[in-house]
Every structure is written in structure tokens, then in C-alpha cells.
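Read the figures in this text as sums done on the coordinates, not as results from a lab. If you're wondering where the values come from, they're calculated on a predicted model, not measured in any experiment. Glycine also receives a Cβ, built like all others from the backbone with ideal geometry; neighbour counts cover every protein chain displayed.
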Amino acid sequence: MKPGAFRYHRPATLDAALGLLAEHGDAAKAIAGGQSLVPMMNLRLAQPAELVDLGDVAGLESIRMVDGMLEVGARVRHQTVADDELVRRHCPLLGEAASGIGHYAIRQRGTLGGSLAHADPAAQLPLVAVTLGAEIEIASARGRRRVAASDFFVSVMTTALEPDELIVAVRFPVAAAQEGQAYRHFNRRIGDYAIVSVAASVRLRDGRVEHLRLGVGAVEPVPLLLGQLAAEKTGRSADAAWIADVAMAARAAIQPDDDERIPALYRRELTETMVARALSAAIERAGKRP
């Protein structure tokens, strides 16, 4: 299949791109990597009249430390995120999740901002952003604003972005000493979207869990941060009994839809297993992080 007719724009600056979005409103769509938008256009699920290509817009591809947080530009490719030394050192969960996105060719084109704006509930990077409490910087011709990742995702493929806005950067908290992070997911084939995905960050002190952040993806319309559960499970020894307890609680906390292909019970069982695996890996890594 082929897309419907559209006009193609390739602005050279961010201001020019924002001007086009302001001018055309709902009729316009920004494209960076195109790994999600192009297939949707080919299937006529998305039919923008104006396509704004961000390929020449400078200033959206940096990875740097800003005010003690890791800032990643919206047009940074998935493979770059996976390979970057700053990401591996300061936010290993982000790098690990990015390394498992689709196939190598997709990771070479897909972008951080595109993944967040697309807001597929099974995607890796929205889950990481929500789990870690990332901050999303958004720009328009009217100005800039920052939105917490937990407020950014509204429903399936629906976000807090207005038609004239673009994501320009995302800031992630950095991992502290004795904080281990891990991402685990289950899919039928390599490259498929996850049936269940889990992101975990565990900070230890004297063998006890001082802080826990735990998120589950692909089970509800938006990535699910298990904040209350995490708060209730801190202060205990990070042992096998604790892992099993948290995993069972996570299973009970999710409310997946029941359908013929993937029953809700199956997703609950997978959630328990993936949470246990992610926590085990995070605890092991926490002990190795000075």
C-alpha cells in the first residue's frame, strides 16, 4: 500500500519547523526516523496533509549532562542511545531498553522523541521515561514547557502534545551509588513488541532496599508506574523472598484487557515472572555500582 497525497517540508531550523506546525495545525505531522509513522501512512491509518521532516534541524541530537540530569535530544537514534558511554554510565536502564528495540535497521533510524510521541503502550522508551520519572521538554512557536513523563502519556498513542508542539529533549535522573537498573521483556519473536515489559531501579543500603522504582509496559493503555507498591516494599532485605513478594504484588496490581490472542491471566503471569527477573538483575547490579 501507499500513503495518501501530502506536501513535504524539510525545514533547516527548529523555528522553521515550529512555524510550519503552527501554520498547518492538525493537518501537519512531524517525521524524524519514520519507523512508526511511515507504516501507518502506508496503511492509511495516518494521513497528514503536510509532512514536516526534521532531518535537517540541528540541535536535537546531543547527549549531555545538564543540572545533574542526563539530557537526550529528541532526534537521537535508538542505537546511539544504546551505545553512548554517558547513557551507560548514568542511566543504564535507558541504554539497555534501547538496545532491545526492534531490529538493528530500526534502531539506526528510530528516535527517542519519535518513540515517546508515538506512545505505543508496548514500546520500551515510554516505559523507561515513566519508570525513572523523566522530564520531557516540549517546544512550539508559543514557547517551551516541561512535562513529567507520568503526565505526558494520556492513552494508547495519545499524549499531552498539542498539534503545534514538538518534543525537543528528555531529561532522565541519573543512577546513584548502589543503584541497579534492569529492563526485561517477553515477546514471541525477536523484534516484536513486548507482550509484557518491566523496568526496575533498586537502590540499596546495607543490603536493604532504600528506594525502588518499578514500571510495567504493554499491560494497560499507558506505561504503568507501580509507585504505591514500590513505596510499600522498601526497607526490607533485598533477598529472594522480597523479590517473590514484589513480583506477586505486581501481578495483582495490573489490570490488563482480556482478549482471545493474549488472555489477561497470561499477562499477569508474565508480569510476575518478568518483575522477578528484572529485580534480580537490578539487585545484582546495585551491588557492583560503587
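Exposure proxy shown here: for SER197, SER36, SER150, SER115, the number of other Cβ atoms within 10 Å sets the order, fewest to most, as SER150, SER36, SER115, SER197. Using the alpha carbons alone, the radius of gyration of the stretch 137-257 stands to its Kirkwood radius in an Rg to Rh ratio of 1.03. Taking every alpha-carbon pair within the stretch 199-290, the share separated by more than 16 Å comes to 51 percent.
Taking the longest Cα principal axis of the chain as reference, the axis of helix 14-24 is set at about 70 degrees. Compared with the alpha-carbon gap, the fully stretched path from ALA5 to ASN187 is longer by 62.0 nm at 0.36 nm per residue.
Considering only C-alpha atoms, what is the centroid distance from the stretch 190-269 to the stretch 1-80, in Å? Distance between centres, Cα-based: 32 Å. Taking 7 Å steps out from each Cα toward its Cβ at MET65 and SER155 produces label points 4.2 nm apart.
Given the Cα-Cα distance of ASP26 and GLU210 and 0.36 nm per residue of separation, how much length would full extension add, in nm?
Here the segment from ASP26 to GLU210 would lengthen by 61.7 nm.
Exposure proxy shown here: for LYS233, LYS288, the number of other Cβ atoms within 10 Å sets the order, fewest to most, as LYS288, LYS233.
From least to most packed, judged by other beta carbons within 10 angstrom and beginning with the fewest, LEU45, LEU94, LEU20, LEU60 follow the order LEU45, LEU20, LEU60, LEU94. Listed by chain and number, the lysines whose alpha-carbon sits under 29 Å from that of LYS233, ignoring those within fewer than 8 places in the same chain, are LYS288.
Extent of the chain along its three principal axes (Cα atoms, max minus min coordinate, largest first): 59, 48, 31 Å. Peptide packing for 116-122, 248-254 was compared via the average number of neighbouring C-beta atoms within 10 Å per residue; ordered from the highest value, the list is 116-122, 248-254.
Using just its DSSP H runs of length 4 or more, each adding -39500 (n - 2.57), the chain gives a mean residue ellipticity at 222 nm of -10500 deg cm²/dmol after division by all residues. Basic side chains Lys and Arg get +1 at the Cβ, acidic Asp and Glu get -1 at the Cβ, and with that the dipole of the chain about its Cα centre reaches some 600 debye.
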